[in-house]
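Below: one structure, written as structure tokens.
The values are calculated or read from the model by the stated rules, or taken from the named source; none is laboratory data. These figures come from a predicted structure and were not determined experimentally. All Cβ positions, even for glycine, are placed from backbone atoms using ideal geometry, and neighbour counts span all protein chains on display. Each accessible area value is taken on the protein alone, full model and side chains, heavy atoms only, with ligands, DNA and RNA left out. Shrake-Rupley method; radii C 1.70, N 1.55, O 1.52, S 1.80 Å.
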Amino acid sequence: MKTRPPAASADGMNWLTSEVEALAAAEAAAAAADAADDSLARSVGLHLRGRTTFREGLLDEEDPARWVYHRGLKAAALSGNWAEAESIVEEMARAGHVPGPRAYHALVCAHAAAGDADGALGAIRRCWDAGVTPMPETYASVVSAAVAAGDLATAEAVVASNRRAGVDCTRSWQHLVVALLKAGEAEKGLEVLAQGEAEGLQLSDGVYEALIELHCKEGNFTSAQQVLAYMRAGINGAPRPGMQHYVPIINAQAEHGDPEVAFELLDELRLQGDFPHSMLGVCHTVVAAQLRAAQSIEEAKSHVLRMKTLMMRQGLQPGSPFFTAQLQTALRLDDLPTAVQAFKALRQRSGWALGGLTDEELSKLLLLLSRADLPAELHEVLAVMCREERAMPAAAMAPDARGCTILGAWVKRRMDQTAGLSPAASASRADQDAASLAAAAAAGPRSCLFIDGVAIDPQSLSCVDAGSGAVLAVSRMGVRELRAELAARKAPVSGNKKELAKRVQKLRQLDDARAALQQLKADAKKEEQRKMRVIVTDAFWHDGRLVQESRYEDEMEVEAEKEEEEEDAPDWGGEEEEAGRRTGGEEEPLDADEEVPFSDSLDRERYVLPAVPLFTSPQASAFDGAVMLLGAVVDLLAAPSASDLQLLTSWAVGSGNVAAAAYLLAAIHALGDGPLQGQVPAAVLDENNTQLAELCAAQGFDPTSVVNELLKDKVPNPEEADPLGRSYQDMFAITF
């Protein structure tokens with residue numbers, strides 16, 4: 001029976017002819033690929049033609065007589081002692097034991113461990129010439145050594161030889177693909193990757209990581225996340241993604257993409273359990289990106305709370321980059337209370353708080369503090385500027401509408417309040433900032449942390465009602481609430497409900513006991529005060545001579561001086577150590593470029609401004625303003641305005657504060673004779689100098705001696721002998 005011939009194709013050729021040509025083309029391509037591999041293998045001396053007859057069948061590497069040599073070769077390979085390995089191989093040959101694949105593999109590894117890529121290539125070539133087929137791991141070691149030496153051409157030639165020898169080339173191919181992708185040869189790397197996939201080779205963790213990094217570098221976040229999804233699904237035996245696969249995408253999305261996507265991936269990685277302490281830097285990167293994108297104070301606070309909750313669950317504490325980002329965002333959004341809290345957290349963390357701020361951001365911080373009438377916080381920032389050697393930004397010293405810089409703006413407000421002006425008359429945004437800061441300082445942070453859906457008070461670390469904020473009684477808490485509170489306190493969370501409740505109860509009792517001890521200590525201190533009759537002597541001096549002396553009796557409060565004994569912590573059945581760690585996880589180690597903060601004693605020797613202000617903002621006096629002004633002049637080389645100087649002079653003279661007058665006199669002297677000479681009009685300096693000198697003289701102090709001593713030692717030390725007689729000790733006694 002005749003069959004009907006197949007219909008001709010459109011180009012006149014039937015299907016059989018097309019199939020034959022396709023097969024021929026495939027064979028030609030394969031032959032060309034083999035020829036290319038042969039050419040590459042020939043370049044490193046590992047080609048097939050002319051090779052010695054294979055000897056694998058003549059070798060028995062399980063022979064116990066070889067084991068002593070193999071043990072020596074293994075030790076030499078692990079230590080990178082290729083000379084010892086060479087010696088053992090030669091000794092094997094002399095003993096009649098022809099070195100086999102394992103022996104040559106150890107020799108290659110010894111050269112590779114020593115960083116000798118040429119030696120590793122020579123060793124595998126000797127193996128090849130001896131008629132011994134190298135092991136797959138041997139090829140991979142040679143490729144790895146060539147990659148480490150930056151010789152990608154040799155690595156590619158060894159992989160080609162591996163393929164043509166009929167030995168599994170998966171590992172050597174993986175090394176080559178990763179090296180090409182990470183070396184910037186993306187086109188070549190993808191070509192080699194496609195060739196291996198066509199041959200059925202399996203991708204490794206390193207190949208997937210290199211692919212993700214390549215896509216992220218090119219800004220192709222969609223493809224990077226597709227690779228991640230491919231791994232999550234386990235398609236074609238893909239390995240489970242780990243930290244090394246998530247981190248490049250998280251960082252790229254945070255810095256150049258969508259910070260919210262970065263946070264979601266970070267939380268997904270946390271849920272997988274692969275979240276070591278080294279992830280702290282990634283958390284900082286993500287929260288910094290979220291805060292940069294925040295458009296409102298509420299949004300910024302939400303980002304901070306979410307990230308702190310995530311970190312707390314993993315036992316991590318925010319580091320300096322976290323609080324620097326929070327400070328920058330608070331300044332951008334004019335959120336002064338948060339800015340102050342972040343600044344203080346930075347100081348408490350490492351002592352270096354301003355390194356991440358630009359001059360513009362630093363200027364804004366100084367201006368907000370001064371206009372909000374927060375001199376103690378302003379003093380603290382200026383002191384940090386001294387220690388970090390930050391110059392005073394020009395914008396911070398630009399006079400406002402009243403002619404005041406940051407050194408005098410708060411003084412004007414304080415004097416206006418003292419004069420009894422109506423608050424409505426001087427209301428401004430700075431008033432609102434100051435009120436907000438005071439309320440925040442009094443109330444503290446009231447936002448709850450949420451651990452597994454359970455609300456936790458961030459101050460007491462107790463489980464609370466999410467609506468009212470009331471602390472839940474232990475008897476009303478379930479297993480989930482008990483474990484959440486224990487997790488917040490960094491205590492063990494294992495055990496049944498009874499054990500968990502007992503543990504929480506002990507920790508809360510420990511908190512109560514500590515609070516009670518502190519209260520008892522405060523009450524005892526008050527009871528130690530008593531009144532006693534004393535004889536008071538008033539002495540008046542002039543030009544170093546006693547002019548008049550009077551004595552009279554008076555009553556005064558005297559506090560008994562007693563050494564305070566070390567507080568003994570109560571014993572709570574071994575739970576105290578767990579409770580002591582409840583407020584945080586692992587501490588962030590200081591970075592290599594961070595230094596230990598300056599001590600306050602060193603600050604007093606080097607600077608006018610001590611590290612920590614000895615007053616609070618509501619208690620600030622003319623003396624505190626004078627100290628800041630002198631510190632700005634001497635330590636920061638910043639000249640005040642004429643209005644600053646006049647305001648502080650008026651305040652010091654009006655309040656009779658002779659110590660403030662002394663510091664202002666020293667500042668005037670430095671302004672009139674030093675690098676800032678001419679910055680303030682001479683007439684202004686003379687006028688204020690006269691008023692201040694008269695105040696000092698009226699109290700029996702020599703203005704010239706006082707100024708010289710202040711500028712000589714920066715800050716007076718009342719404990720040292722006073723060469724001026726009645727100057728510093730008496731001056732400070734009168735003032736305070």
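What distance in nm lies between label points placed 7 Å from Cα along the C-beta direction at SER460 and ARG306?
With each label point 7 Å from Cα toward Cβ, the separation is 2.9 nm.
Place the peptides 70-78, 270-278 in order of packing, highest mean first, counting for every residue the other Cβ atoms within 10 Å and averaging per peptide. Spell out each step's value before the answer.
On the way: 70-78: 17.9, 270-278: 12.9.
Ranked by mean Cβ neighbours within 10 Å, highest first: 70-78, 270-278.
With a 1.4 Å probe and all protein chains left in place, how much accessible area per residue does the stretch 160-221 have, in Å²? If you can, show how the numbers build up before the last one.
Details: 2770 Å² over 62 residues.
I get 45 Å² per residue for the stretch 160-221.
Given 10 Å bins starting at zero, what is the percent of C-alpha pairs of the stretch 267-384 in each, up to the one with the largest pair distance?
Spelled out bin by bin, the stretch 267-384 gives 13, 44, 29, 10, 2 percent.
Largest first, please: the extent of the C-alpha atoms of the stretch 334-400 along each principal axis, to the nearest Å.
34, 25, 18
Rounded to the nearest 0.05, what FRET efficiency is calculated for ASP686 and THR222 with R0 set to 60 Å and r the Cβ-Cβ distance? Don't skip to the answer; put the middle values down first.
Numbers: r = 72 Å, r/R0 = 1.20.
Step by step, r from the Cβ atoms, then E = 0.25.
Give the ranking of LYS182, LYS188 by solvent-accessible surface, highest area first, calculated with a 1.4 Å probe.
Working: LYS182 115, LYS188 65 Å².
Of LYS182, LYS188, the descending order of accessible area is LYS182, LYS188.
Cα-Cα over 24 Å: which of LYS308/LYS344; LYS74/LYS182; LYS188/LYS217; LYS301/LYS344; LYS182/LYS308? Walk me through the numbers before you get to the answer.
On the way: LYS308/LYS344 17 Å; LYS74/LYS182 31 Å; LYS188/LYS217 17 Å; LYS301/LYS344 17 Å; LYS182/LYS308 34 Å.
Where the Cα-Cα span goes over 24 Å, the pairs concerned are LYS74/LYS182; LYS182/LYS308.
Take peptides 501-508, 86-93 and line them up by average Cβ neighbours within 10 Å, highest first, as a rough protection proxy. Don't jump to the answer; show the numbers that get you there.
Numbers: 501-508: 19.1, 86-93: 16.9.
Packing order, densest peptide first, comes out as 501-508, 86-93.
Rounded to whole Hz and in sequence order, give me ³J(HN,Hα) for the stretch 364-376 from the Karplus expression 6.51 cos²θ - 1.76 cosθ + 1.60, θ = phi - 60°, writing x for Gly and Pro.
The phi angles translate into 5, 4, 5, 5, 5, 5, 5, 6, 8, 6, 10, x, 5 Hz.
How high is the FRET efficiency from MET243 to ASP63, r the C-beta distance, R0 56 Å, rounded to 0.05?
Values: r = 45 Å, r/R0 = 0.80.
Approximately 0.80, to the nearest 0.05.
By how many nm would the segment from ALA148 to GLU185 lengthen if fully extended, with 0.36 nm per residue of separation less the alpha-carbon distance?
Details: separation 37, 0.36 × 37 = 13.32 nm, distance 1.57 nm.
Contour length minus the Cα-Cα distance gives 11.8 nm.
Could you give me the ³J(HN,Hα) list for the stretch 624-641, computed from phi with Karplus coefficients 6.51, -1.76, 1.60 and θ = phi - 60°, whole Hz, x at Gly and Pro?
5, x, 5, 4, 5, 5, 5, x, 5, 6, 7, 7, 10, 6, 10, 8, x, 7
Once both labels are modelled 7 Å past Cα along the beta-carbon direction, what's the ARG402-ASN236 spacing in nm?
Reported label-point gap for ARG402 and ASN236 is 7.3 nm.
Applying the Karplus parametrisation 6.51 cos²θ - 1.76 cosθ + 1.60 with θ = phi - 60° to the phi angles of the stretch 697-707, what ³J(HN,Hα) value in whole Hz is obtained for each residue in order, glycine and proline being reported as x?
5, 5, 9, x, 10, 7, x, 5, 5, 4, 5
Taking 2.2 N^0.38 Å as the expected size of a compact globular protein, what ratio does the Cα radius of gyration of the stretch 207-324 give against it, to two decimals? Working shown, then result.
On the way: Rg = 14.4 Å, N = 118, 2.2 N^0.38 = 13.5 Å.
For the stretch 207-324, the normalised Cα radius of gyration is 1.07.
Can you tell me the order of 196-206, 335-345, 143-153 when each peptide is scored by its average per-residue count of other Cβ atoms within 10 angstrom, highest first? Don't skip to the end; give the middle numbers.
Details: 196-206: 15.5, 335-345: 22.0, 143-153: 19.7.
Peptide ranking by packing, descending: 335-345, 143-153, 196-206.
Under a point spin-label approximation (7 Å from Cα along Cα-to-Cβ), what is the LEU271-GLU255 distance to one decimal in nm?
For the pair LEU271/GLU255, the computed spacing is 2.7 nm.
Counting pairwise Cα distances across the stretch 635-709, what percent come out greater than 15 angstrom?
Cα-Cα pairs of the stretch 635-709 separated by over 15 Å account for 49 percent.
For the stretch 226-363, report the accessible area per residue in Å² (1.4 Å probe, heavy atoms, rounded to an integer).
Values: 5460 Å² over 138 residues.
Each residue of the stretch 226-363 exposes 40 Å² on average to a 1.4 Å probe.
What's the carbon and sulfur percent of the stretch 193-352's accessible surface, probe 1.4 angstrom, rounded to a whole number? All intermediate terms of the calculation are to be shown ahead of the outcome.
Details: 3250 of 6500 Å².
That share works out to 50 percent.
Report the calculated FRET efficiency for ASP416 and ALA293 (r = Cβ-Cβ distance, R0 = 56 Å), to the nearest 0.05. Could you put the intermediate results ahead of the total?
Details: r = 40 Å, r/R0 = 0.71.
Plugging the Cβ-Cβ distance into 1/(1 + (r/R0)^6) gives 0.90.
List the residues whose amide H sits under 5 Å from the amide H of GLY80, counting only those 5 or more places along or on another chain, with H placed 1.01 Å from N in the peptide plane.
Distant-sequence amide H within range of GLY80: zero hits.
Over its Cα atoms, what ratio of radius of gyration to 2.2 N^0.38 Å does the stretch 122-256 give?
On the way: Rg = 16.1 Å, N = 135, 2.2 N^0.38 = 14.2 Å.
Compactness ratio reported: 1.13.
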